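Following: one structure in C-alpha cells, then a few remarks.
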Amino acid sequence: MSANDSVPALKIEALSKRYGEFLAVDDISLRVEAGDFFGFLGPNGAGKTTTINAIVGLASITRGSIEVFGHDNVRDWRTSRTLIGLAPQEYNFDRYLSIRDILIYQAGYYGLRPREVRARADELLERFGLTSKAKETFVKLSGGMKRRLTLARALIHQPRLLILDEPTAGVDVELRIELWALLRELNAGGTTIILTTHYLEEAESLCRNIAIIGNGRIAAMGPTEELVTQHGPATLSVTVDRAVETLAPALAARGARRDGDPRTLYFDGLSPAQIAPTLAEIEAAGYAVENLEFRRANLQDVFLELVRR
Amino acid sequence: MNRTEATAVWGFGNPVGLGTLVKRELVRTLKVINQVIWPPIITTVLYVLIFGLSIGSRIPQIQGVSYAAYLVPGLIMLQVIDATYSEVSSSIFQGRFMNSIQEMLIAPMSAVEMVLGYVIAAVLRGLLIASLVLMVGALLVHTLPRNWPLYLLVTVLVATLFCSLGIIFGLLAEKFDHIAVLTTFVITPLVFVGGVFTTMRFMPPLIREVSLANPMFYMVDALRFAFTGTGDVPLAVSLGTVSALTVIALAVALRMTALGVKLRV
C-alpha cells in the first residue's frame, strides 16, 4: 500500500465557517498525510486559527467535514480529540496548578490516570528543560519556558497529530532553533505535525508540504519545493565589464533582458544547470563577467505573489 | 443536520476526566481555604450571638425551638448558596477569561462530564461549609438536625442548584462585575427575605403572599424542616419546589455547556 492510500492524518472537506455575516473560512479542502510536516501559512485574519479551532473542536463547523485519522471530529469527537495535541498561540495555562500538575491534569482530561502519566510528565519536563521549575506555577516561567511548556502539554497524551499555532511567535533566534530541532525530532519519530507560522523561512526549513491561505480560501497548496519553483522562478543576473549596447542573438534567445543598469543582464527562469552555458555565451559575445548572482525564489516571493492576487 | 447541534457533546465515557475536574476544583478551593472556611464561621457566630442570643432572648420560641436555634438552618443556606454560586461562577469566568478552560474543551470531555465535575466539587464544598455552620450551631445553641437524610438531601439539592446557576452566569458574564451583580442584587436580598430571620407567620398577609414567590423561602423552609420537623409550608411543597428548580437550572447549564455557549465559537 502506498502512502497515498493510507488514512490521512487530517482530511478537511469543503469546510466553511461563518460568524454572522463574516465568512472566516470559505470552502477549504485539504489533506495532510500521516507522518507529514505540514505548514499552514497566511496573513493575520486569513482563517488559519479559525481552521485550527474547527479541527480541535473549539469552533463549530458551519459546513463541511473534518476527519482526523479517519475519525469524523463531530460524530466521533472523542477519538478525534484524543488523537490531536494542540499547542495554542496564546498561553492558556491553569494558574492554580504547578507546572508538573499542568501536564498531569491535562492528561487527566484525556482520560489518563496520574499513575499512568507521572513518569511521562517527568520525562517531558526533563526533555524540555523544565525540571527545575516543576513545582512552580506558570507565571514564574520565562517566555521561552512557557513556549516549551505549551509543547510539553500538547504531547502529554502522546497524540499522533500535533498542531502548533505560531509556535515560535515572539521567541528569540536561539530558542527558535532549539524548537525547530525538537519538532524535527518529533516528526522523525512518526508524529504528524501541522504548524501555522508567519515566518516563511520557518515553513521553508521545516515543512515538506504547505498550504497558503488568504481571505479564508486556499491560494496554493503542494510540496514546499514545488510551490517555490512553480510560483517564483529563479533569476540569474550577470554584471559585465562594459555597457551592453546591443544583445547578441544567442543571448536574446536565452531570454536576456536589461533593467536599469546597462552593465547588468538578467535571465529569468533558469535552472542551475543552465548557468554555465549562459556564462559561456556572454563571454563568447565579447564581455568579461565581473559579478553574478543567482537568486532562487523563496516562500516570501510565492507568498506575496499569491496573497496580492 | 444543524452542525451547531451536532457539535453539542453529550454522553458519559470519561470518568477519569470528570475526576480530574473535581480534583482541580477542590485544589482551587484549597488554595484559598482561609477565604472558604473563615467567613462562614465568623458570620455565623456573629449572627447567632447578636440576633440569636441577645435580641432573640426576648423572642418566644418559634416552631418549638429558641430563636437562636431557629436561625441556624437559614444561616446554613445563606453560606452554602454563597459558597457554591460564587466559587463556580468565578472558576468558569476565570477559565473563560484566561482561556484555561480550553484545556478541557479540546479534550474528550462531554458536557455531562464537565457539568457533573463542577457539581460534584460544589456539593462537596457545600457540605463542608454546611458542616462548619452546623458545628457553630451545635456549640453555641445546641441544635442539630433531627432528620439527617433530609438535611443532606436539601443541602445537596441547593448546592447543585446554585452550582448550575454559577455555571450559567459564569458563562454569560462579560465582566467580573456581572457575577457580583446577581449576588448583591438578587441572591442575597432574596435569601434575607426568604425566612432566614423570621417565620412567615410573623409577617403581614401581603408580604406573606409575596414571599411565596421567593424561591429561597422554600430552600430555607425545607432545610428547617430537617431541624424542627415543621415548616411554614408542607415539606412536599418546599422540597418539590427546590427539586424542580434544581432540575431546571441543571438542564439549562447542561444545554449551554453542550452547545458551547461562550465557550466554543
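Observations
- Temperature 20 °C, viscosity 1.002 mPa s: under these conditions the Stokes-Einstein estimate for the range B:106-189, based on its Kirkwood radius over C-alpha pairs, is 144 µm² per second.
- Shown here is the pair-distance distribution of the range A:161-214: with all Cα-Cα distances grouped in 5 Å bins from zero up to the longest one, the shares run 4, 17, 34, 28, 12, 4, 0 percent.
- Relative contact order of chain B, defined on C-alpha pairs under 8 angstrom at six or more residues apart (%): 28 percent
- Where N is the number of residues in the protein assembly as shown, Cα Rg divided by 2.2 N^0.38 Å: 1.34
- Using the alpha-carbon positions of the range A:232-308, Rg (one decimal) and Dmax (whole number) come out as 13.3, 43 Å.
- Leading residue at positive end of dipole, chain A (Cβ point charges), from A:ALA252, A:ALA284, A:GLY269: A:GLY269
- Translational diffusion of the range B:154-265, µm² s⁻¹ [Kirkwood Rh, Cα pairs; Stokes-Einstein; 25 °C; 0.890 mPa s]: 161 µm²/s
- Over 18 Å [Cα-Cα, the range A:193-257], rounded percent: 55 percent
- Multiplying the residue separation of A:ALA119 and A:ALA169 by 0.36 nm and subtracting their alpha-carbon distance yields 15.0 nm.
- All C-alpha pair distances within chain A, sorted into 10 Å bins from zero, spread as 6, 23, 26, 19, 12, 9, 5, 1, 0 percent across the bins.
- Inter-chain neighbour count for B:93-102: the average number of beta-carbon atoms from partner chains within 10 Å of each residue's beta-carbon is 4.
- Peptides A:212-225, A:279-292 ordered by average Cβ neighbours within 10 Å, highest first: A:212-225, A:279-292
- Length gained when the stretch A:GLU136-A:ARG258 is fully extended (0.36 nm per residue, less Cα-Cα span): 37.6 nm
- Overall size of the range B:27-80 from C-alpha positions, given as principal axis extents largest first: 44, 19, 10 Å.
- Within the protein assembly as shown: Cβ-based charge dipole about Cα centre, in debye rounded to nearest 20 (Lys, Arg +1; Asp, Glu -1): 2260 debye
- Rg and Dmax of the range B:12-259, both derived from C-alpha coordinates alone, stand at 18.3, 60 Å.
- Take each residue in A:106-117, count the other chain C-beta atoms within 10 Å of its C-beta, and the mean is 6.
Bear in mind these aren't lab numbers, they're just calculated from the coordinates by the rules spelled out. Here the structure is a predicted model, which is why all the values come from computation and not from measurement. FYI the Cβ positions are ideal-geometry reconstructions off the backbone, even for glycines, and counts take in every protein chain you see.
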